[in-house]
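Data first, discussion second: the structure below is written as structure tokens.
The values are calculated or read from the model by the stated rules, or taken from the named source; none is laboratory data. Just so it is clear, the structure is predicted and the values come from calculations on it, not from any experiment. Because the Cβ atoms are built from the backbone with ideal geometry, glycine has one as well, and the counts that use them run over all protein chains shown. Ligands, DNA and RNA are excluded from the accessible area calculation, which covers all protein heavy atoms including side chains. Shrake-Rupley method; radii C 1.70, N 1.55, O 1.52, S 1.80 Å.
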Amino acid sequence: MKCDIILAGVGGQGILTIAATIGLAAVEQNLFLKQSEVHGMSQRGGDVQSHLRLSDREIHSDLIPHGSADLIISVEPMEALRYLPWLSAGGWVVTNSVPEINIPDYPDLQELLAELRKSGNTIVIDADSIAGDLGSSRSGNMVILGAAASFISMPFASLENAVRSLFGLKGEEIVNINLAALRAGKAAAGR
């Protein structure tokens, strides 16, 4: 088993929380894990990305080579496009459809989404609306993780357990909101 994942977004969207959730689930499954992060200007809406490598065998590098990622999980569509060169031929892109317009010359959204869909295996969902409908606009990252869950080589229950562990100290209500977001994302992806 091997699963190489690129996580992408901008500061404040919860990319590192997605990484922590997957990491906890991987530990529960006794998988090897390596991760690298680039925070950029994360507190100012800058680029945040992470390479996350999971395997049932020892992993020697934390960086994913170009053309080798099995999955790109993105909470921001332009950031998903930025990391397409890392995607393998059969890899999947799961991204939010709602942009975080943090630059004056942000590209046309429809053109951007059309370019993403050219990669073939692409799921685009409005994670912001789904999270908002659940009463927690901050849980869009968990919606995206849920949408990508079927492409991560581990049981969905392990991701749910990771959410319980990660958010447990924040109280039952926060745990339940994030579990609902994770499940809603999975349902929205239809997988």
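Accessible surface for segment 82-189, divided over its residues, is 48 Å² per residue with a 1.4 Å probe.
Each stretch of four or more DSSP H residues adds -39500 (n - 2.57); spread over every residue of the chain, this sum gives -12000 deg cm²/dmol at 222 nm. For residue 34, the aspartates and glutamates whose Cα falls under 19 Å of its own Cα, not counting residues fewer than eight places away in the same chain, are 4, 56, 58, 62, 70.
With both partners inside the chain, how many of the DSSP beta bridges are antiparallel, as a percent to the nearest 5?
Values: 16 of 29 bridges.
Restricted to the chain, the bridges split so that about 55 percent are antiparallel.
Of the accessible area of segment 1-135, computed with a 1.4 Å probe over protein heavy atoms only, carbon and sulfur atoms account for 50 percent. Among the helices of the chain, those built from whole DSSP H runs whose Cα atoms reach 24 Å or more along their own axis and whose mean Kyte-Doolittle hydropathy is at least -1.0 are 172-189. Dipole size of the chain about its Cα centre, with +1 on Lys/Arg Cβ and -1 on Asp/Glu Cβ: approximately 400 debye, rounded to the nearest 20. Projected onto planes of every orientation and averaged, the convex hull of the alpha-carbon atoms in segment 33-169 covers 9.5 nm². Candidate cross-link partners of residue 170 among the lysines, defined by an alpha-carbon separation under 24 Å and a same-chain spacing of 8 or more, comprise 186.
Extent along the principal axes, Cα only, for segment 98-189: 41, 29, 19 Å, with the longest axis given first.
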